[in-house]
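Notes to accompany the following structure.
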Amino acid sequence: MFENLQDRLGSILNGLTGRGALSEADVSAALREVRRALLEADVALDVVRSFTDRVREKAVGAEILKSIKPGQMVVKIVHDELIEMLGGEGVGIDLHAPAPVVVMMVGLQGSGKTTTSAKIAHRLSTRDKKKVLMASLDTRRPAAQEQLRQLGAQANIDTLPIISGQSPTDIAARAVQAAKLGGHDVVILDTAGRTHIDEPLMVEMADIKKRSNPHEILLVADSLTGQDAVNLARSFDERVGITGLVLTRMDGDGRGGAALSMRAVTGKPIKLIGVGEKMSELEEFHPRRIADRILGMGDIVSLVERASENIDAEKAAAMAAKMAKGKFDLDDLADQLRQMQKMGGMGGIMGMMPGMAGMKDKMAAAGLDDKLFGRQIAIIQSMTKAERTNPDLLKHSRKKRIAAGSGTDAAAINKLLKMHRQMADMMKMMGGKGKGGMMKQMMGGLAGKMGLGGGMGGMGGGMPDLSNIDPRQLEALQKQAEAAGLGKPGGGMPGLGGLPGGLSGLGGAKLPGLGGGFPGLPGLPKKK
């Protein structure tokens, strides 16, 4: 969503950080470019104007011009103002009300209200252990009520039985009554939309609000709408009084202007964002993390949260035990590839790692997309159990059979085997004896950089169990990492000295196998 804006702002701010001293003219020239980048990203004009005015006011003070690294200071000011524009602190759905808490979903037709209603219900039932009832109030769109019923059946969520001929206000009243009788904690009302805002729609919304007395009124808006989304949010807020926003299709290729504008114009928090089609692909909106991503600082906290949700703890423990012994077979490699797919693939992971945005583009240019993972898993699945455990068995005749079974060729199999060999060697180094192994040294060095002492959170030099860390602790860890120089735009990840070549800046990083990239994914072009 924010890739174009990230590239533009990254190059502008990198131009500032490379200079020893900044004049007022330098700051003005940079802010002109920032203004242009935001306008091109479809951010509303008045929002852009107030943003650049606030940055200029803070950036042209005496304290900035006398600072040791004025460029870095300007980056910090832009970062802080971006967080402020996006809403400061993240705000979740408020359930602090007598049960059943009524959540009313409003928005235009086609914005994804029905699917988002089901996603929210799934999230509340699985994460917050709430008993949820969903009700469709859309009597106009053909099969809208049936769609919600089917989504409820898929996610194992209760839905209000459909009675034909009832008005939306009567359905709302019946839903609240049914939720009280059924002992439900939350009732979600999926209201009807229109292709445009009109008076009958607003009257209907107001009547439903009066009958159901919702605690939360969430406006569902398509983040690809652009500047018109701001007018939409303003209209609904004036007539119905929304309490928050949900942005859908944040995984699309839109320019991100709606997300940056709507919060600033309405003053209402963006509570959730839809990042995919699946039921689980709904995330809380954290302004700081989004600002970090836009400025290329990565988003380690979200990456760890995503990992803790998707990675099987028992499998991870078994893998760690194997690594400690220096063992790593093709079944383990397939597990690693599947876990990366679950976490959003290579692109999704890269986008969240500090200083990795440029690497993501290099990989795309080299044709290293997530389909590669699927092909590699297909190759491994075409092998026998003995072949997966002992790849040395794979001679020409066996490779021919595997290539036919996986729809690939011998060259792809050889690349996979080379990748596995390099990763297995790396695992041996990490789990090896002497000074506690490479992984232990690496994590110890990183912990020292972050001011955590050699023990990395008391784990004796090993990586802490991130799945059990409180998100606030993770936020604090990220701030410490930034303070240590691990999260600056374009700053790479210094301090990982244990890796061959380091990761500093990624221009010449030599992690084995990528020709300058990640272990074994062959094909990245080398610098000439």
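The values are calculated or read from the model by the stated rules, or taken from the named source; none is laboratory data. Not measured: the values here are computed from a predicted model. Reconstructed Cβ throughout: ideal geometry from the backbone, glycine too, with neighbour counts over all protein chains shown. The protein model used for the area step is the full one, side chains on, heavy atoms only, and it has no ligands, DNA or RNA in it. Shrake-Rupley method; radii C 1.70, N 1.55, O 1.52, S 1.80 Å.
Some notes on this structure:
- Contacts under 9 angstrom Cβ, first residue in segment 150-171 being on the phi > 0 side of the Ramachandran plot, partner assigned to a loop (DSSP other than H, G, I, E, B), 6 or more apart: G165/T139
- Checked against (1) at pLDDT below 85; (2) part of a helix (DSSP H, G or I); (3) open to solvent by 10 Å² or more (accessible area, probe 1.4 Å), I64 passes all but a single condition, namely (3).
- Criterion: open to solvent by less than 70 Å² (accessible area, probe 1.4 Å), modelled with pLDDT under 90, out of contact with any helix residue (DSSP H, G or I) (no Cβ under 6 Å at 6 or more places or on another chain) and closer than 30 Å to A291 by Cβ - qualifying residue of M363, M356: M363
- Residue within segment 110-123 that is over 24 Å from H215 (Cβ atoms) and out of contact with any Phe, Trp or Tyr (no Cβ under 9 Å at 6 or more places or on another chain) present: yes
- Some residue of segment 81-101 being at pLDDT below 85, open to solvent by 60 Å² or more (accessible area, probe 1.4 Å), outside any helix (DSSP H, G or I) and of a type outside the set (G, A, S): yes
- Pairs linking a residue in segment 319-338 that is under 14 Å from L417 (Cα atoms) to a residue that is at pLDDT 85 or above and open to solvent by 60 Å² or more (accessible area, probe 1.4 Å), with Cβ atoms under 6 Å and 6 or more positions apart or on different chains, are D329/T389.
- Applying the criterion of being at pLDDT below 85 and in contact with a Lys or Arg (Cβ under 8 Å, 6 or more places away or on another chain) to the residues of segment 267-307, the residue that is nearest to L9 (Cα to Cα) is M297.
- Residues of segment 127-184 that are under 26 Å from A206 (Cβ atoms) and of a type in the set (D, E, K, R): D138, R140, R141, D170, R174, K180.
- No other residue among R255, R239 is open to solvent by 50 Å² or more (accessible area, probe 1.4 Å), at pLDDT 75 or above and out of contact with any Lys or Arg (no Cβ under 8 Å at 6 or more places or on another chain) apart from R239.
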